[in-house]
1. Would you check which residues across segment 223-233 are modelled with pLDDT of 90 or more and in a loop (DSSP other than H, G, I, E, B) and list them?
2. Considering G90, G86, which residue is of a type outside the set (K, R), part of a strand (DSSP E or B), under 27 Å from T9 (Cα atoms) and touching a Gly at 6+ places or on another chain (Cβ under 8 Å)?
3. Just to confirm my filter: which strands (runs of 3 or more DSSP E) fall fully inside segment 106-171 and include at least 3 residues that are modelled with pLDDT of 95 or more and touching a helix residue (DSSP H, G or I) at 6+ places or on another chain (Cβ under 7 Å)?
4. Is it fair to say I72 is more than 26 Å from D188 (Cβ to Cβ), β-branched (V, I, T) and crowded, with 16+ Cβ neighbours inside 10 Å?
5. Kindly indicate whether G15 is surrounded by 15 or more Cβ atoms within 10 Å (Cβ to Cβ), part of a strand (DSSP E or B) and either touching a Cys at 6+ places or on another chain (Cβ under 7 Å) or on the phi > 0 side of the Ramachandran plot (or both).
6. Could you list, in sequence order, the residues of segment 97-119 that are of a type outside the set (A, V, I, L, M, F, W, C) and closer than 18 Å to G171 by Cβ?
7. Examine segment 322-331 for a residue that is under 30 Å from G234 (Cα atoms) and either surrounded by fewer than 16 Cβ atoms within 10 Å (Cβ to Cβ) or at pLDDT below 85 (or both), and state whether such a residue exists.
Amino acid sequence: MQPIRIIDTSFNLLGEVDAYSSLQWVRRWHRPGEFELHIHPSMQNADKLVEDAIIFKASNPSEAGIIRHREITLAENGTEVLLVKGNLLGGLTGRRITYPPEGSAYHYINAPVETIMKAYVAANCIDPADAARSIPSLVNAPDLARGDVVKYQTRYKQLDEELEKLSVSSGLGWHIALDIANAQLVFDVLVGRDLTAGQDALPPAIFSTDYDNIKSQAYVNSAVSYKNMAVVGGQGEGTERKIVTVGDQQAGLQRYEMFVDARDIGTQAEDEEPLSEAEIEQMLTQRGQEKLAELARVLSLESELLTNSNLVYRLDYDLGDIVTVVNRKWGVAMDARITEITEVYEASGFRLSAVFGSSAPTLISRVKGELGQLSSEVRK
């Protein structure tokens, strides 16, 4: 079994466990991953698996999770099981909301996406005006200014959700890595590789039953929540309200419209200088594009991968890479990003599954979307 080490938030080693029944480790590109561990409560160091303890696989100490949930169950046969769950370290950003700078209505930034993401983490987790809001040991990796330059503003939003929006709209990933040597938690932005069949700069990664690297597969092509035209409403009332239309200008049955309430987009920047009409229109357009990205067509292949194949995990392909996926029998061939990878460690062996492309929305995300639209309708 994969040994799991346990440390506290001061980076002190608490112990190691390897006699567990199951470990599920989920990595995600656009939002924090999660883990779930099943172990007998009497096993050595199981008592160290407490809330806010940090765990990591001995083979990859930079990728770690923090415990949020513990429960003990008693089966009919009298067997006890300790269930431990939590998020990977990126989930720490979910403990903060985005405060605007003092004296400003919004935290407004005009910069590359990576710069924006790291600025929001710095302002709300690393060096906030209120020192009580800082997350101990958290630092930013150097800013490489990757991603397109956009105008973005936020005000009292969940930080992890703002980072997810920026990630989805830009294609950049993000995480918090564990740096034991320097006793730090390091926030960084990630860029995937292009490993598609059509490029020749790197060896391509092609997933297909024809190449014996896929064990099972499920294909989803869904327009249930799909929207491709957004009418974005800014500040103002009635006919004076600023309106921008964003989308691909489809017609007839191919046109899926939505309204986006963007009254929170202010008419002044952080320095209180009035924004120009062009700047306001650009920000409204950006908001519309973000909402359309959240409600894009679900086009994905969820696959259980063969671990002993022509492609080696974390070497020939990894989370965030864009690869080519083919199923000739279903008539499916697409270039898609690996947006989620699940590692499962059990006594029976190691299993690996991946999501290629956009995954189907969860119940929670659908409810959040519906509530957001409802509040927009109420304010119109």
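1. If we filter segment 223-233 for residues that are modelled with pLDDT of 90 or more, which is where we start, we get 226-233.
Matches in segment 223-233: Y226, K227, N228.
2. Details: G90 fails: part of a strand (DSSP E or B).
Of the residues listed, the single one that is of a type outside the set (K, R), part of a strand (DSSP E or B), under 27 Å from T9 (Cα atoms) and touching a Gly at 6+ places or on another chain (Cβ under 8 Å) is G86.
3. Details: elements: 107-112, 138-140, 149-154.
Because the criterion is at least 3 residues that are modelled with pLDDT of 95 or more and touching a helix residue (DSSP H, G or I) at 6+ places or on another chain (Cβ under 7 Å), the strands (runs of 3 or more DSSP E) in segment 106-171 that meet it are 138-140.
4. On the way: more than 26 Å from D188 (Cβ to Cβ): yes; β-branched (V, I, T): yes; crowded, with 16+ Cβ neighbours inside 10 Å: no.
Taking the combined requirement at face value, the residue does not satisfy it.
5. Working: surrounded by 15 or more Cβ atoms within 10 Å (Cβ to Cβ): yes; part of a strand (DSSP E or B): yes; either touching a Cys at 6+ places or on another chain (Cβ under 7 Å) or on the phi > 0 side of the Ramachandran plot (or both): yes.
Yes, satisfied.
6. In the first step, residues of segment 97-119 are kept if they are of a type outside the set (A, V, I, L, M, F, W, C); the result is 98-104, 106-108, 110, 112, 114-115, 118.
The answer is P112, E114, T115, K118.
7. no
To keep it simple, each residue is scored yes or no on (1) exposed (fewer than 12 other Cβ atoms within 10 Å of the Cβ); (2) farther than 26 Å from Q289 by Cβ.
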{"site": "V189", "(1), (2)": "no, no"}
{"site": "G198", "(1), (2)": "yes, no"}
{"site": "A201", "(1), (2)": "yes, yes"}
{"site": "F207", "(1), (2)": "no, yes"}
{"site": "I214", "(1), (2)": "no, yes"}
{"site": "A223", "(1), (2)": "no, no"}
{"site": "N228", "(1), (2)": "no, no"}
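The values are calculated or read from the model by the stated rules, or taken from the named source; none is laboratory data. What you are looking at is a predicted structure, and each value in this text was computed from that prediction instead of being measured. Ideal geometry is used to build each Cβ from the backbone, glycine not excepted, and the neighbour counts take in all protein chains shown.
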